[in-house]
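The values are calculated or read from the model by the stated rules, or taken from the named source; none is laboratory data. Here the structure is a predicted model, which is why all the values come from computation and not from measurement. Cβ atoms come from the backbone with ideal geometry, glycine included; neighbour counts cover every protein chain shown. Protein only, heavy atoms only, side chains kept; ligands, DNA and RNA dropped before computing areas. Shrake-Rupley method; radii C 1.70, N 1.55, O 1.52, S 1.80 Å.
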Amino acid sequence: QDSNKDQTDTEKALENLQYYIEKKSMKNHADEINNMIVDLRTKLAKKEFETAKLYIRIEEYKAAEIYFENIINEYYDTDFFDNSVFNLSLLQFVNGKDSSIKLFESNKDSFINFDNYNQWFEILNTLNENEEISYYVKQIK
């Protein structure tokens, strides 16, 4: 898969597209350039998401949290945002239900699919407190 490879070229292409969209001579291609930007941002978010999931599989949860946080902060406009908020909230559950729910709720207005928000909020509210992290990891999306 392309997302498993070094993303330096993707990042460079994204920078170039952002430069071109700002040039007046390229205004008639703005929609096409914007679509390319969305595709590249999604590709980068997918790479981050897959890396986070890998860290979960090898039980490096703090590293996974960093990748989910990066998606939330940098790729908030991609399809990986909602899942990253939920997954990070699950990983934060070991710090207490209140902090997990607070993190989840603080991202409510940014959710791309509000049905996800409602469904996952319900899941978070029904989880037991004070469980081992493996209990929460089973819920990861």
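A few points about this structure:
- Residue within the stretch 97-120 that is within 16 Å of K46 (Cβ to Cβ) and open to solvent by 40 Å² or more (accessible area, probe 1.4 Å) present: yes
- Meets criteria (under 18 Å from I72 (Cβ atoms), within 14 Å of the chain's Cα centre (by Cα) and without any contact (Cβ under 8 Å) to a residue 60 or more places away in the chain) for L124: no
- Any hit, the stretch 121-129, residues being open to solvent by 80 Å² or more (accessible area, probe 1.4 Å), out of contact with any Cys (no Cβ under 9 Å at 6 or more places or on another chain) and assigned to a helix (DSSP H, G or I): yes
- Candidates S99, S84 - the one that is of a type in the set (S, T, N, Q) and modelled with pLDDT under 95: S99
- One residue from A63, A30, A45 being under 30 Å from E132 (Cα atoms) and free of Cβ contacts under 8 Å to residues at least 12 places away in the same chain: A63
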